[in-house]
There are 2 protein chains.
Amino acid sequence: MVMNPIGNLNKIFESRIRLGVMSMLMVNEEISFNDLKEMLEVTDGNLASHLSTLEENGYLKVHKGFIGRKTNTTYSITKNGEKAFKSHLAALEAMIRFNQ
Amino acid sequence: MVMNPIGNLNKIFESRIRLGVMSMLMVNEEISFNDLKEMLEVTDGNLASHLSTLEENGYLKVHKGFIGRKTNTTYSITKNGEKAFKSHLAALEAMIRFNQ
């Protein structure tokens with residue numbers, strides 16, 4: 001039986017925007033909502049809904065802070081998030097190798 | 001400006017099942033509905049809807065044939081499909097490198 005090329009892909013990471021958020025969180029201790037929005041070129045609403053799905057799944061943490069009197073919400077990856085995203089990347093690499 | 005890690009990802013390939021279908025079509029001249037269903041471990045309805053989206057986007061062709069008196073529908077990748085999927089795989093590889 002040939003291996004299922006999409007065997008270990010994680011359904012939660014099926015969206016480009018979530019892939020983008022996790023990629024950014026893997027290489028930044030913490031990152032603000034606005035930086036994510038600018039970097040991934042997405043709308044507020046779209047980004048907010050993906051962030052809450054990732055949070056509900058325990059893949060990122062939210063920090064509500066202030067800069068002066070302005071609220072500054074930042075996000076950081078959790079241990080679970082890092083583990084899940086690394087195995088998703090490995091599954092993507094296996095799929096890419098399947099195609100070579 | 002750091003590169004957008006999801007810059008060139010193709011929205012059409014955001015679903016694991018479509019990734020699986022394209023992977024199978026890249027390494028098989030032609031493949032039947034049942035082989036795809038078994039390999040990707042998906043339901044008829046789910047597979048059928050993803051196949052029609054890929055067909056509408058010109059990424060695969062459908063062949064209605066018969067085995068004896070039984071209909072045998074097979075699928076094959078188009079030039080456009082191959083080109084689009086290869087650039088999606090390259091964009092995924094770039095995102096994976098972004099994470100290393």
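Rounded to the nearest 500, what is the 222 nm mean residue ellipticity of chain B from helices alone, with -39500 (n - 2.57) per DSSP H run of 4+ residues and division by all residues?
-17000 deg cm²/dmol
Rounded to the nearest 20 Debye, what is the dipole magnitude of the protein assembly as shown about its Cα centre when Lys and Arg each give +1 and Asp and Glu each give -1 at the C-beta?
40
Mind checking the dipole of the stretch A:28-100: about its Cα centre, +1 per Lys or Arg Cβ, -1 per Asp or Glu Cβ, Debye to the nearest 20?
Rounded to the nearest 20 debye, it is 200 debye.
Can you tell me, using C-alpha contacts under 8 Å and at least 6 residues apart, the relative contact order of the stretch A:11-95 as a whole percent?
In percent, rounded to a whole number, it is 31.
If we count other beta carbons within 10 Å of each Cβ, what is the order of B:D35, A:D44, fewest first?
Lowest to highest Cβ neighbour count: A:D44, B:D35.
Label the protein assembly as shown by shape, choosing from rounded, prolate and oblate, from the square roots a ≥ b ≥ c of the eigenvalues of the Cα gyration tensor; if a/c is under 1.5 it is rounded, and otherwise prolate applies when a/b is larger than b/c, oblate when it is not.
Prolate is the answer for the protein assembly as shown, as a/c is 1.5 or above and a/b outweighs b/c.
Can you tell me the Rg and Dmax of the stretch B:11-95, counting just the alpha carbons, in angstroms?
12.9, 48
Taking the stretch A:37-100, which trypsin sites (Lys or Arg not before Pro) meet the DSSP loop condition and have no more than 13 other C-beta atoms within 10 Å?
For trypsin sites (Lys or Arg not before Pro) across the stretch A:37-100 that sit outside H, G, I, E and B with at most 13 neighbouring Cβ atoms in 10 Å, the list reads A:R69.
With the label 7 angstrom out along Cα to Cβ, how close does B:E93 come to the same site in each of the other copies, in nm, nearest first?
Spacings between copies for this position, smallest first, are 1.4 nm.
FYI, it's all coordinate maths here, none of it is from the lab. In this text the structure is predicted, and so the values were computed from the model without any measurement. Don't worry about glycine lacking a Cβ; one is built from the backbone with ideal geometry, like all the others, and counts go over all protein chains shown.
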